[in-house]
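The values are calculated or read from the model by the stated rules, or taken from the named source; none is laboratory data. Keep in mind the model is a prediction, meaning the values are calculated, not measured. For neighbour counting, all protein chains shown are included, and Cβ atoms are generated from backbone atoms with ideal geometry for every residue, glycine included. We work out accessible area using only protein heavy atoms, side chains counted, and drop any ligands, DNA or RNA first. Shrake-Rupley method; radii C 1.70, N 1.55, O 1.52, S 1.80 Å.
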Amino acid sequence: ITSDKIYRFLDSLYQDEIKSRIETCVFEHTKKVMNGEIIVTFYDVTTLYFEASSEDDLRKVGFSKDGKFTKPQIILGLLTSLEGYPLGFEIHEGNCYEGKTFIPMLEKFQKKFNIEKPIVVADSGLLSKANILELEKLNYRYILGARIKSSSSEIKNKIVSLNLNDEKNIETIYFSKNQKMIVSYSQQRAKKDRYTRTKNYEKLKIKIKSGNLTKAHLNNKGYNKYLVLSDSQTTISIDEDKYNYDSSFDGLKGFVTNDFSLNPTQIIEHYTNLWHIERAFRISKTDLKIRPIYHRLEHRIYSHILISFVAYTVYK
């Protein structure tokens, strides 16, 4: 078979009807694997770059999860069940904010298969006030990763005052009668957090000593949040109090939910299952070689992703 024949086949492959039939087939099989019902769904996104220099309506330069910040890309949203069994996918422009891809796909999936609204599990990158309000408005139950260090001072102080440790490692903070945060502590996570924080602290000290830091570095990106400008506006130093306060969060992880029917351990277990969808992306990018993508025409790009989705389904 020549490459021209393959490309012509791609021209005819991607149609809404074909994608719909494939997703229906995949859904029905996944439902069997899940003993007849889909109770929990997991959602995440990744980016796929192109070996090209120019953008178009779909391929846009954006935040790349592959570190290819100068190359145009697309965003791939994947929906799975427990243990990473695929349910559906959507493709978005490369410069689209990933949080906006979340709810439309959920609604499309739920309405298409006319199922009871599942518990939605997603990463903290998709956690925004607008998304949470929309999920609640649409009567979805959710478990979302929390960025506890970005919480209000009141919430952060509550978290620190829990004094979690190996013996007392899970507690609950109630935001309202409809929402709560489960906070857990892990010694292994604490060790990792401490190592990363200390390493970046030492890097900042070296940069300050070398005089390579300027006012441009004073921002809240990464560990630059520890930097402070002197009263004389001439020297940059490290805010030791802020650095020490951050150590209070070593080993802590938060999970925001509106599901009061699950106990804290179940909520954490559901969220921990997100690693399956991360593994799905790794498999797609390595074993299945989904990227880089060399196609230029939009319908061939869609066909390429559809074939990869089917390949992952068969693999799984």
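Comparing Thr257, Thr272, Thr101, which has the greatest mean-square fluctuation in the GNM of the chain with Cα pairs linked when under 10 Å apart?
Among Thr257, Thr272, Thr101, the largest mean-square fluctuation in the Gaussian network model of the chain belongs to Thr272.
Show the residues, 5+ positions off or on another chain, whose built amide H is closer than 5 Å to the amide H of Val61.
Gln73
Summarise the long-distance tail of P(r) for segment 31-126 by giving the % of C-alpha pairs beyond 18 Å.
49
Distance check, please: which entries in Lys65/Lys191; Lys19/Lys221; Lys156/Lys207; Lys19/Lys71; Lys100/Lys221 exceed 32 angstrom between their Cα atoms?
Values: Lys65/Lys191 25 Å; Lys19/Lys221 40 Å; Lys156/Lys207 29 Å; Lys19/Lys71 27 Å; Lys100/Lys221 22 Å.
Flagged as over cut-off: Lys19/Lys221.
What percentage of the solvent-accessible surface of the chain, computed with a 1.4 Å probe over protein heavy atoms, is contributed by carbon and sulfur atoms?
Whole-percent figure for carbon plus sulfur exposure: 50.
Rank these residues by their accessible area, most exposed first, probe 1.4 Å: Phe69, Phe27, Phe113.
Numbers: Phe69 110, Phe27 5, Phe113 30 Å².
These residues rank, largest area first, as Phe69, Phe113, Phe27.
What are the ³J(HN,Hα) couplings of segment 59-71, residue after residue, when phi is run through the Karplus curve with 6.51, -1.76, 1.60 and θ = phi - 60°? Round to Hz, x for glycine and proline.
Whole-Hz 3J(HN,Hα) from phi for segment 59-71: 7, 10, 6, x, 6, 9, 7, 9, x, 9, 6, 9, 9.
Evaluate E = 1/(1 + (r/R0)^6) for Ile39 and Lys207, where r is the Cβ-Cβ distance and R0 equals 45 Å; express this FRET efficiency to the nearest 0.05.
Efficiency for this residue pair is about 0.35.
Radius of gyration and Dmax for segment 99-202's Cα atoms, expressed in Å?
Both quantities, over Cα of segment 99-202: 16.9, 54 Å.
Cut-off 10 angstrom, C-alpha nodes, Gaussian network model of the chain. Which of Met34, Met181, Met105 fluctuates the most?
Its mean-square fluctuation being the largest, the pick is Met34.
Calculate for the chain the 222 nm mean residue ellipticity that helices alone would give, adding -39,500 (n - 2.57) per DSSP H run of length 4 or more and normalising by residue count, nearest 500 deg cm²/dmol.
Counting only the DSSP helices, I get -13000 deg cm²/dmol.
Cut-off 10 angstrom, C-alpha nodes, Gaussian network model of the chain. Which of Leu79, Leu306, Leu138 fluctuates the most?
Per the Cα network of the chain with a 10 Å cutoff, Leu138 tops the list.
On the first, second and third principal axes, largest extent first, how far apart are the outermost C-alpha atoms of the chain in Å?
69, 49, 32 Å, listed from the longest principal axis down.
For the chain, take the longest principal axis of its alpha carbons; what is the angle in degrees between that and the long axis of helix 16-33, to the nearest 10 within 0 to 90?
Relative to the chain, helix 16-33 is tipped by roughly 70 degrees.
Could you please state, rounded to a whole Å, how far the C-alpha centre of segment 161-205 is from the C-alpha centre of segment 46-62?
Computed from Cα coordinates, the inter-centre distance equals 37 Å.
Let me know the volume per residue of the alpha-carbon convex hull for segment 94-136, in Å³.
Per-residue hull volume (Cα only) is 80 Å³.
Between Tyr315 and Ser20, what length comes free when the chain is fully extended (0.36 nm per residue of separation minus the Cα-Cα distance, one decimal in nm)?
104.2 nm
In Å³ and rounded to a whole number, note down the convex hull volume per residue for the Cα atoms of segment 181-309.
224
Sort all Cα-Cα distances of segment 117-158 into consecutive 5 angstrom bins from zero, then give the percent of pairs in each bin up to the one containing the longest distance.
6, 21, 26, 22, 16, 8, 2
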